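This report refers to the structure that appears directly beneath it.
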Amino acid sequence: MNIGEAASASGVSAKMIRHYESVGLLPPAVRTEAGYRQYGPNEVHTLRFIRHARDLGFSIAEITELVGLWQNRGRPSRQVKALAEAHIRDLEQKAAELLAMKATLQHLVHCCHGDDRPDCPILDSLADDAAHPSRR
């Protein structure tokens, strides 16, 4: 199948398929005499695997490692579990950071009158942080 068909079958855009090839996540496609990429069921299966890993928030580097582990049938599952556990820790840290941002913004919104007056604690806070970057 061509790249458009592989994109439809896998749920990965043609642009991302080309990107995954360029970074080595997907092996270069077989090409026709006219230079068009051709994909088979194995490549589509790998693209679906990549898409699912991306949906879980894994980075390209992590997905590269996961694909390697997936393709190595002799690998111990502890390697996969360790990678997933590290990713969970990263997600927990990001979630905590997002909650802290939300709490700060909620506080600023609460302090803002939201009326016709020009004073605004939200903008004041943003300007203060911009003037003093070491406070972050």
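Here the Karplus curve 6.51 cos²θ - 1.76 cosθ + 1.60, taken at θ = phi - 60°, turns the phi angles of the range 39-56 into couplings of 10, x, x, 5, 5, 5, 4, 5, 4, 5, 4, 4, 4, 5, 5, 5, 4, 8 Hz, with x standing for Gly and Pro. Once you list every other residue whose beta carbon is under 15 Å from the beta carbon of Tyr36, what net charge do they have if Lys and Arg are +1 and Asp and Glu are -1? Every neighbour counted, the sum reads -1. Tilt of helix 60-71 relative to the longest C-alpha principal axis of the chain, in degrees (0 to 90, nearest 10)? The helix 60-71 is inclined about 30 degrees to the chain. Considering helices alone, the calculated mean residue ellipticity of the chain at 222 nm is -21500 deg cm²/dmol, with DSSP H runs of length four and up weighted by -39500 (n - 2.57) and normalised per residue. Backbone geometry of the range 85-93 corresponds, through the Karplus equation with coefficients 6.51, -1.76 and 1.60 at θ = phi - 60°, to 3J(HN,Hα) couplings of 5, 5, 5, 4, 4, 4, 5, 4, 5 Hz, x marking Gly and Pro.
Within a straight-line Cα-Cα reach of under 30 Å, Lys102 can be paired with the following lysines, leaving aside sequence neighbours fewer than 8 residues apart in one chain: Lys94. Packing, as the average of other Cβ atoms within 10 Å across residues, places the peptides 103-111, 59-67 in the order 59-67, 103-111, highest first.
Bear in mind these aren't lab numbers, they're just calculated from the coordinates by the rules spelled out. This one's a predicted model, so the numbers in the text were calculated from it and none came from an experiment. All Cβ positions, glycine included, derive from the backbone under ideal geometry; neighbour counts span all protein chains shown.
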